Amino acid sequence: MENKNNAVATTTQEKNITEDVLNRVRDLRTKGDLRIPQNYSAENALKSAYLILTETVNKDKKPVLQTCSKASIANTLLDMVIQGLSPAKKQCYFVSYGDKLQLMRSYMGTVAVTKRLNGVKDVKAYCIYEGDEFETEFDIDTATLKITKFNPKFENIDMNKIKGAFAVILGDDDPIHIEIMNMNQIKAAWNQGYAKGGSGAHKNFTDEMAKKTVINRACKMFANTSDDSDILIDAFNKSDKAFDEEKTVNNVDYEVHEEIKENANTTIIDVEPQKQEFVKADNENKEETSGQVNILETPGF
């Protein structure tokens, strides 16, 4: 009987919060303040998010749906929908901070949101290895840095010989934003993180982590100088808050594996699904969780 009552209570809570979020979304769209991608279903994203939240617990092994306030849950889900993110595609995660739920956007989510900004067609990133030809030029008329030559060579690929990385945000015709970082800058960014760039992901997938860092920096800069909706950019920035917290956890390895499967001709890496456990951000706790979840590496923009 108790399990049945809990199930009914959870279903009722889901319905109430989901309806609140959808009503707010409809209101924003009616006012012209929100544009949702045509192929994005807010209802499906909310259902997927709620299923994930029912299995998400905090450091004390308590369900976040019981420990986090209804308002913070609703606001988190609203931020997810405003950005058109899908938790099922690992574009975002949910983290508890005390009694508050916070949305944390993944690297893949950052790329997805950026591609929805006005005038953006795609986002690309590449590593520069020792021996690659790479030249830039400063255009004094536009005060922008241009890449005039990039000639990568397959035989130069070596995780220990990465000189840097660059990201390009592409418009319909030409690049509209370029970000270039040398390896010293990238490592300085990693050094801001909890593991100081010493995690397995950074050691084993250095190229992917370097590209993640430069893309995050490029997208954040572009988003905050775009003329897109203030509501969208506000949600974008709030979802970056978790990247500034040392004690947040995130499945970094999973993201890296997914990127490799999508962007490179490598053997598929099977990741066994496990129950996600997120740590509350408090200044005293420095305990790492075990299993699939790892300490988040701060991009350090």
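The values are calculated or read from the model by the stated rules, or taken from the named source; none is laboratory data. Predicted model only: the values in this text are computed from it and were never measured. Neighbour counts are summed over all protein chains in view; Cβ atoms, including those assigned to glycine, are modelled from backbone coordinates with ideal geometry.
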- request: Check Val168 against each of (1) more than 20 Å from Gln185 (Cβ to Cβ); (2) in contact with a strand residue (DSSP E or B) (Cβ under 8 Å, 6 or more places away or on another chain) and name the one condition it does not meet.
  value: (1)
- prompt: farther than 15 Å from Thr110 by Cα, modelled with pLDDT of 75 or more and in a helix (DSSP H, G or I), is that true of Ile231?
  reply: yes
task: Report, by residue number, each residue of region 201-227 that is surrounded by fewer than 18 Cβ atoms within 10 Å (Cβ to Cβ) and either of a type in the set (A, V, I, L, M, F, W, C) or in contact (Cβ under 8 Å) with a residue 60 or more places away in the chain (or both).
output: Met221, Asp227
message: Would you confirm whether or not region 115-136 contains a residue that is surrounded by 17 or more Cβ atoms within 10 Å (Cβ to Cβ) and either assigned to a helix (DSSP H, G or I) or on the phi > 0 side of the Ramachandran plot (or both)?
response: no
field: Yes/no for Val8 being out of contact with any strand residue (DSSP E or B) (no Cβ under 8 Å at 6 or more places or on another chain) and either modelled with pLDDT of 90 or more or over 23 Å from Lys238 (Cα atoms) (or both)
entry: yes
statement: Checked region 64-88 for anything touching a helix residue (DSSP H, G or I) at 6+ places or on another chain (Cβ under 7 Å) and farther than 22 Å from Arg29 by Cβ; matches are Val64, Leu65, Lys70, Ala88
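Return a yes/no flag: does region 93-113 have any residue that is outside any helix (DSSP H, G or I), closer than 19 Å to Asp173 by Cβ and of a type in the set (A, V, I, L, M, F, W, C).
Checked against the condition, which is being outside any helix (DSSP H, G or I), closer than 19 Å to Asp173 by Cβ and of a type in the set (A, V, I, L, M, F, W, C), region 93-113 yields no hits at all.
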- prompt: Which residues, taken from region 137-191, are modelled with pLDDT under 95 and part of a loop (DSSP other than H, G, I, E, B)?
  reply: Ile140, Asp141, Thr142, Ala143, Gly171, Asp172, Asp173, Asp174, Asn191
- request: Answer yes or no: is there a residue in region 40-51 that is touching a residue at least 60 places away in the same chain (Cβ under 8 Å) and assigned by TED's automatic domain parsing to the domain that holds Asn237.
  value: no
